[in-house]
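What follows is a short report on a single structure.
The values are calculated or read from the model by the stated rules, or taken from the named source; none is laboratory data. Being a predicted model, the structure only gives us computed values, none of them experimental. Cβ: placed from backbone, ideal geometry, glycine included. Neighbour counts: every protein chain shown. The accessibility values were calculated without ligands, DNA or RNA, using every heavy atom of the protein model including side chains. Shrake-Rupley method; radii C 1.70, N 1.55, O 1.52, S 1.80 Å.
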Amino acid sequence: FGEAEVFANSGMSVFNLFDEKVKLRNGTKTGLEELLSSQSYQNIYIMLGINELGYDFSSIVTKYQSMVEKIKELQPSAVIILEANLHVTSGKSSQSSLYNNEKINLLNSEIANIAAATGSYYIDVNGIFDDASGNLAAEYSSDGSHVLGKYYSVWVEWIRGGQ
């Protein structure tokens, strides 16, 4: 995304998002609230949820909605875009009671509802990376859960193309 600021790290979730400090492009480390209070953003893309699947489902949904509301409060002029969580491969899905596509689809459905309730947008890139059965296609992943970095450009172009 060129000059976009990325606020991310491994293990980030709706439960710890505002507690985390992340190193920005300029090398400084900051928290999300500090970042959103210090600059104005046109668009904010949010993709969270997969790390939360081990928690009580209703608490995930409640926390996710409050997170979106807080971000909207801090950035009232920004367009908020909530991204669906990516599916996992069929093998990963069938081996896990937590990280399976049934739960991911349920969470994605709730994220779409949160987008509608908060005046945000919802996008779902799974159609690009899924196989015919609705699972992450094995060739796009080495661990069954994450899309290989070489496919991020495909994802970015999909977003830029307006889905």
Where a residue in the range 73-90 is modelled with pLDDT of 95 or more and its partner, wherever it lies, is open to solvent by 10 Å² or more (accessible area, probe 1.4 Å) and among the acidic types (Asp, Glu), with Cβ under 7 Å and at least six apart:
74/33; 84/124; 87/130
Hits in the range 1-26 (condition: among the acidic types (Asp, Glu) and touching a residue at least 24 places away in the same chain (Cβ under 8 Å)):
5
Residue in the range 39-50 that is at pLDDT below 95, open to solvent by less than 70 Å² (accessible area, probe 1.4 Å) and assigned to a helix (DSSP H, G or I) present:
yes
Complete set of residues in the range 96-108 that are open to solvent by less than 60 Å² (accessible area, probe 1.4 Å) and either modelled with pLDDT of 95 or more or among the charged types (D, E, K, R) (or both)
100, 101, 104, 107, 108
Does the range 110-117 include one or more residues that are over 15 Å from the mean Cα position of the chain (by Cα), open to solvent by less than 60 Å² (accessible area, probe 1.4 Å) and at pLDDT 95 or above?
no
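Take residues that are among the basic types (Lys, Arg) and tell me which of the helices (runs of 4 or more DSSP H) falling wholly in the range 84-163 contain 2 or more. Give the derivation first.
Numbers: elements: 90-95, 101-118, 126-129, 152-160.
Answer list for the range 84-163: none.
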